[in-house]
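In what follows, a single structure is set out as structure tokens and then discussed.
What follows is calculated from the coordinates using simple rules that are stated; it is not laboratory data. Keep in mind the model is a prediction, meaning the values are calculated, not measured. Using ideal geometry, Cβ is built from the backbone for each residue, glycine included, and neighbour counts are taken over all protein chains shown.
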Amino acid sequence: MTTFQTTKNRKCDYLSAGSFKIQDNDTFLIATVTEGVCICLWNSIEKKGGVCHLNPSPTGEGREQGENLIFRFFRSMVSECQIGQFTAAVIGGAHTEKDSERGEENLKLAHEYLDLQDILVVLNEERGTRPRKVSMDTLDGTIKTITL
């Protein structure tokens, strides 16, 4: 089993599906995604990072909940940063079930919102058939992934 190596005495915050966290201190933000998607935002000027673990049903009420989650995440990130210069990473969207388009639809939703906000996506690790564990280091914005 592969694990992330972390420095002793560093805080790790684990995100559940449908949540987000924003940190500007010595913290690892960690999530595991399959068909869901992690949107990682980093502001290099303010040294603040955040992760949104998006996992809605891609249609109807689920899509609306996903749109609301991304909107609240972005609004919170912008309100905590004086300068709105962000880069993003999009990770996940695996195709794990036969005839399921959920992963693809979640990726589409994430990219639509990032495009709308004109945020540069610097890392895409998308699709595939296996889950991924994602870790964002809020000290420097480093993102690591492991395919499970």
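Exposure proxy ranking for Glu125, Glu105, based on other Cβ atoms within 10 angstrom of each Cβ and starting from the fewest, stands as Glu125, Glu105.
Springs between alpha-carbon pairs under 10 angstrom, Gaussian network model over the chain: which of Asn55, Asn43, Asn25 fluctuates most? Between Asn55, Asn43, Asn25, it is Asn25 that shows the largest mean-square fluctuation.
Within the shell of other residues whose beta carbon sits under 14 angstrom from the beta carbon of Gln23, the net charge comes to -2, with Lys and Arg scored +1 and Asp and Glu -1. Pairs of lysine residues in segment 12-147 that meet both criteria, 8 or more places apart or on different chains and Cα atoms under 21 Å apart, total 10.
Relative contact order, whole percent, for segment 12-147 stands at 32, derived from Cα pairs under 8 Å and 6 or more residues apart. Distance between the pseudo-spin-label points of Phe71 and Lys108 (7 Å out from Cα toward the beta carbon): 2.0 nm.
Taking Glu46, Glu35, Glu97 as the candidate residues, the one with maximal mean-square fluctuation in a Gaussian network model of the chain, Cα springs under 10 Å, is Glu97.
If you take the beta carbon distance between Asn9 and Arg63 as r and set R0 to 41 Å, what does 1/(1 + (r/R0)^6) give as a FRET efficiency, to the nearest 0.05?
That pair, Asn9 with Arg63, gives E of 0.50.
Between Lys21, Lys108, Lys11, which gets the highest mean-square fluctuation from a Gaussian network model of the chain, Cα cutoff 10 Å? Sorting by GNM fluctuation, first place goes to Lys11.
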